[in-house]
Amino acid sequence: MIGYYVHHQGSGHLHRARCIAAHLQGPVTILSSLPEPPAWTGGWVSLPPDGDDAPVDPTARGRLHWVPLHHPEHRERMGAIAEWIRQERPALFVSDVSVEAATLARLMGTPVVVAAMRGDRGDEAHRLAYDLADALIAPWPQSLPEPHWPARWHAKTLHTGGISRYDGRPRPLPVSGGPPTRKEVVVMLGAGGADITEGQLAEAVRATPDWSWTFLGGPGADWIDDPWPVLCRADVVVTHAGQNAVAECAAARVPAVVIPQDRPHGEQHATARALRAAGLATVRDSWPPPHAWTGLLVEATAREARWERWSPGDGARRAARLLSDLALRPPGRSACVPR
């Protein structure tokens, strides 16, 4: 049995967990406060939501990320994870991503794998989780590593490349008809919150009359559960630099304008720097002014798509192979992470 903790922020953590679980040998149980997906057939532990009303010392004086004192929801949440581990005795516990969940599992004598994140992870809490992990899974290519990681983290990291729910999915057949009168921009902002306003989007549309704009998530837009056909028909995708959004652009092999949003530890800005350095996407550090959009879209469409460097398409399978190997590892044997 493998336990898999899934963070509730956005949808990317759950998408990645389900992709990896589809290739795992043996049973897997997801532990999360997200709603259980209707199509999920594995085990599921619904965790209480982690309320944040007036928390007291939530970081334990800077040593952790979220351990508020005398907090009923947090106590129930940690208790539910501990009780599941006590009853099921999993061979391995995956944290994507919580320092506290990873630490709790290791305190209970369970081997731990942590889904790594880009950005500045040098704080004491991240150092604790990354140090105690038997292995780290980094959903980006080894050729574009995090520059400031210590050697001990690199030594136990499996770089899978991007992991998308669309890896290996055939592209839809083009719709027959006359030639399009305008090229299409698809704006994909996801479910994790956006720094962009509805007014900024409207200004960009007005400034580019030769382009048709479609919105997936974000302010004023409807949510689409399966954006794959829309991504595949796009001439350009405008998105943030979240791991899941970038992986989906890579799976569709579509030109992208990537605009990182502010996230803890500078995660999205670190991903954007890697994409810019490799020439894989057109990157801007902030939302452009209206007059810049026509030239920006032309620049993006002229860029040669080389997304296979970021996402070869087998990342979930490689991650699952590592987890299965670790779960079957005899006690006391050191971890060996394939490179």
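The values are calculated or read from the model by the stated rules, or taken from the named source; none is laboratory data. Owing to the predicted nature of the structure, the values given are computational and were not obtained by experimental measurement. As a convention, Cβ positions derive from the backbone with ideal geometry for all residues, glycine included, and neighbour counts pool all protein chains shown.
Looking across the range 33-73 at every residue that is in contact with a Phe, Trp or Tyr (Cβ under 7 Å, 6 or more places away or on another chain) and not charged (D, E, K, R), the one that is nearest to residue 8 (Cα to Cα) is identified as 45.
Would you be able to say whether some residue in the range 102-111 is buried (at least 18 other Cβ atoms within 10 Å of the Cβ), more than 22 Å from residue 17 (Cα to Cα) and either assigned by TED's automatic domain parsing to the domain that holds residue 319 or of a type in the set (Val, Ile, Thr) (or both)? No, the conditions are met nowhere in the range 102-111. For the range 1-57, filtered to residues that are aliphatic (A, V, I, L, M) and part of a strand (DSSP E or B), the residue that is surrounded by the fewest Cβ atoms within 10 Å (Cβ to Cβ) is 45.
Residues that are of a type outside the set (A, V, I, L, M) and surrounded by fewer than 17 Cβ atoms within 10 Å (Cβ to Cβ) within the range 215-232 comprise 219, 220, 222, 223, 225, 226, 229, listed in sequence order. Only one of the numbered conditions (1) assigned by TED's automatic domain parsing to the domain that holds residue 24; (2) over 18 Å from the mean Cα position of the chain (by Cα) is violated by residue 276, and that is (1).
Which ones in the range 302-314 are more than 17 Å from residue 168 (Cβ to Cβ) and either at pLDDT 95 or above or of a type in the set (D, E, K, R) (or both)? Selection gives 303, 304, 306, 309. Does at least one position in the range 70-92 carry a residue that is closer than 20 Å to residue 117 by Cβ, out of contact with any strand residue (DSSP E or B) (no Cβ under 6 Å at 6 or more places or on another chain) and free of Cβ contacts under 8 Å to residues at least 40 places away in the same chain? Checked the range 70-92: no residue is closer than 20 Å to residue 117 by Cβ, out of contact with any strand residue (DSSP E or B) (no Cβ under 6 Å at 6 or more places or on another chain) and free of Cβ contacts under 8 Å to residues at least 40 places away in the same chain. Within the range 150-174, no residue that is at pLDDT below 95 sits with its Cβ atom under 6 Å from a residue that is surrounded by fewer than 21 Cβ atoms within 10 Å (Cβ to Cβ) and of a type in the set (Phe, Trp, Tyr) at 6+ positions apart or across chains. The number of residues in the range 152-161 that are hydrophobic (A, V, I, L, M, F, W, C) and part of a loop (DSSP other than H, G, I, E, B) comes to 1.
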